[in-house]
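Written out below as structure tokens is the structure these notes cover.
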Amino acid sequence: KMVGVLVIMVYRIFIKDVLLCLFVYSILLCAFSMAIFVMFQKSDFPKELNANRMDFEAFPGASFLQLAWNSLGDGYVDMNLLIQNSQTPSLALVLQLVWVVLSEVLLLNLLIAMMSRTFDDDNRDAHRIWIFPFAHQVLRYEKRL
């Protein structure tokens, strides 16, 4: 019985909380990547630095991938180099700091809070959560007989 309740809780956490958090993350990722793309449109970014990396001036997906890898903790692109070669380095630094705080601190804490609330709610209603799917299975098996 307890395993069934935990499986249902994990399913609800994934469907309700994780997907909502991924939706908010994707909106923020698109907004920040477009801001970085626009910031590099008229920058003096050396072309030789783009030889083995993506072109941040011509390809908006490059900033999207850079922010996604950066939020996962991977240093795909040297951020100091990008900040120094942007059109406005102070704005690029502020944009990067806000992205790090939003994506890694606030969104993860929001996800943890949402998951713990769902777990607490489902744990309080464990009997109701378990009895209805179980009763549905019993009724379905009785129909077959």
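Evaluated against (1) outside any helix (DSSP H, G or I); (2) closer than 18 Å to Gly4 by Cα; (3) among the acidic types (Asp, Glu), Asp121 falls short on exactly one condition, (1). If I go through the stretch 20-60 residue by residue, how many of them are open to solvent by 80 Å² or more (accessible area, probe 1.4 Å) and at pLDDT 85 or above? Final tally of qualifying residues: 5. Within the stretch 124-145, restricting attention to residues that are assigned to a helix (DSSP H, G or I) and open to solvent by less than 100 Å² (accessible area, probe 1.4 Å), the residue that is modelled with the highest pLDDT is Val138.
Condition test on Ser103, is it part of a helix (DSSP H, G or I), open to solvent by 50 Å² or more (accessible area, probe 1.4 Å) and at pLDDT 80 or above? No; evaluated as a whole, the condition is false for this residue.
Within the stretch 114-123, not a single residue is free of Cβ contacts under 8 Å to residues at least 12 places away in the same chain, farther than 13 Å from Arg12 by Cα and surrounded by 10 or more Cβ atoms within 10 Å (Cβ to Cβ).
One residue alone among Asn80, Asn109, Asn70 is open to solvent by 60 Å² or more (accessible area, probe 1.4 Å), of a type outside the set (Asp, Glu) and under 28 Å from Leu20 (Cα atoms), and that residue is Asn109.
The values are calculated or read from the model by the stated rules, or taken from the named source; none is laboratory data. Note that this is a predicted model, so its numbers are computed, not measured. Reconstructed Cβ throughout: ideal geometry from the backbone, glycine too, with neighbour counts over all protein chains shown. Accessible surface is based on the protein model in full, side chains and every heavy atom, while ligands, DNA and RNA are left aside. Shrake-Rupley method; radii C 1.70, N 1.55, O 1.52, S 1.80 Å.
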